[in-house]
Amino acid sequence: MTATVRLPSATLRAATAHHDELLEQLTERVEALLDAVRSGSAPGPSRSALLGFLRAELVPHLRIEADLLYRAVRTDKTALLARAMQDEHRVIAASIHQVEQAVTSVDAAIAAGALVALCQVRIAQENTHLLPALESAGLELSDLLGSRPELVGSTG
């Protein structure tokens, strides 16, 4: 008996690439904030750039994911992971709030660093486990994600 190797769909590849892009952009903005705090220069512009990115890119991505992936597509294979990822989304939202509400630049930088770590874990889980499991269960990711540039980028 020969095993059939199933290649990831174009939509899965687009979602993974979009996640990589989001994480890279988040990391760059957090590094700029950390550099400003470390050097003692004014962190206001880098913090504003980070908050702008969070509000315009990351938060919309998270909201749509929560609606589509974690509520609508629970299968027997993905229910526990989806529930755990919903919990992570709540912690990510709390970290974003901490960046927004931090009184000091150091507090904002600490919260931003935690946010990067949380996003790294969550993105790895989604790319490595959740989306492939949904695809292997027969879900057409193109039907679910394909028309959502917030989830697959502009080329998805």
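Any residue in region 99-109 that is within 14 Å of residue 12 (Cα to Cα), of a type outside the set (Lys, Arg) and touching a Pro at 6+ places or on another chain (Cβ under 8 Å)? No: region 99-109 contains no residue that is within 14 Å of residue 12 (Cα to Cα), of a type outside the set (Lys, Arg) and touching a Pro at 6+ places or on another chain (Cβ under 8 Å). Sub-6 Å Cβ pairs linking a first residue in region 114-125 that is more than 12 Å from residue 30 (Cα to Cα) to a second residue that is among the charged types (D, E, K, R) and in a helix (DSSP H, G or I), at least 6 apart or interchain, are 122/88, ordered by first then second residue.
Results for (1) farther than 18 Å from residue 107 by Cα; (2) aliphatic (A, V, I, L, M), shown as yes or no for each residue.
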{"position": "38", "(1), (2)": "no, no"}
{"position": "43", "(1), (2)": "no, no"}
{"position": "47", "(1), (2)": "no, no"}
{"position": "55", "(1), (2)": "yes, no"}
{"position": "60", "(1), (2)": "yes, no"}
{"position": "63", "(1), (2)": "yes, no"}
{"position": "67", "(1), (2)": "yes, no"}
{"position": "70", "(1), (2)": "yes, no"}
{"position": "80", "(1), (2)": "yes, yes"}
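Within region 6-19, residues that are at negative phi and part of a helix (DSSP H, G or I) have Cβ atoms under 6 Å from residues that are among the β-branched types (Val, Ile, Thr) and surrounded by 15 or more Cβ atoms within 10 Å (Cβ to Cβ) in these pairs: 14/152; 15/152; 18/152; 19/123, counting only partners at least 6 apart in sequence or on another chain.
Can you name the residue in region 93-145 that is over 20 Å from residue 35 (Cα atoms) and among the hydroxyl-bearing types (Ser, Thr, Tyr) and is also modelled with the highest pLDDT among such residues? Across region 93-145, the extreme among qualifying residues is 128. Can residue 32 be described as small (Gly, Ala, Ser), part of a helix (DSSP H, G or I), surrounded by fewer than 18 Cβ atoms within 10 Å (Cβ to Cβ) and at pLDDT 90 or above? Yes, satisfied. Inclusion of residue 57 among residues that are in contact with a helix residue (DSSP H, G or I) (Cβ under 7 Å, 6 or more places away or on another chain) and of a type outside the set (A, V, I, L, M) is warranted. Would you please name the residue that is modelled with the highest pLDDT, looking only at residues in region 69-92 that are over 14 Å from the mean Cα position of the chain (by Cα) and closer than 14 Å to residue 139 by Cα? Result: 78. Considering 22, 62, the condition of being under 24 Å from residue 134 (Cα atoms) and either at pLDDT below 95 or among the β-branched types (Val, Ile, Thr) (or both) is satisfied by 62 alone.
Looking only at residues in region 139-156 that are farther than 17 Å from residue 60 by Cα and acidic (Asp, Glu), which one is surrounded by the fewest Cβ atoms within 10 Å (Cβ to Cβ)?
Of region 139-156, the ones farther than 17 Å from residue 60 by Cα are 139-143, 155.
Narrowing the set further to residues that are acidic (Asp, Glu) leaves 140, 143.
Working: 140: 12, 143: 9.
Across region 139-156, the extreme among qualifying residues is 143.
Considering 51, 26, the condition of being in contact with a Leu (Cβ under 8 Å, 6 or more places away or on another chain), of a type in the set (A, V, I, L, M) and not in a loop (DSSP other than H, G, I, E, B) is satisfied by 26 alone. Please tell me if residue 9 is exposed (fewer than 14 other Cβ atoms within 10 Å of the Cβ), of a type in the set (S, T, N, Q) and more than 15 Å from the chain's Cα centre (by Cα). Judged against the criteria, residue 9 is not a match.
The values are calculated or read from the model by the stated rules, or taken from the named source; none is laboratory data. Remember, predicted model here, so these are calculated numbers, not experimental data. A quick note on method: Cβ atoms are made from the backbone with ideal geometry, for glycine too, and the neighbour counts reach across all protein chains shown.
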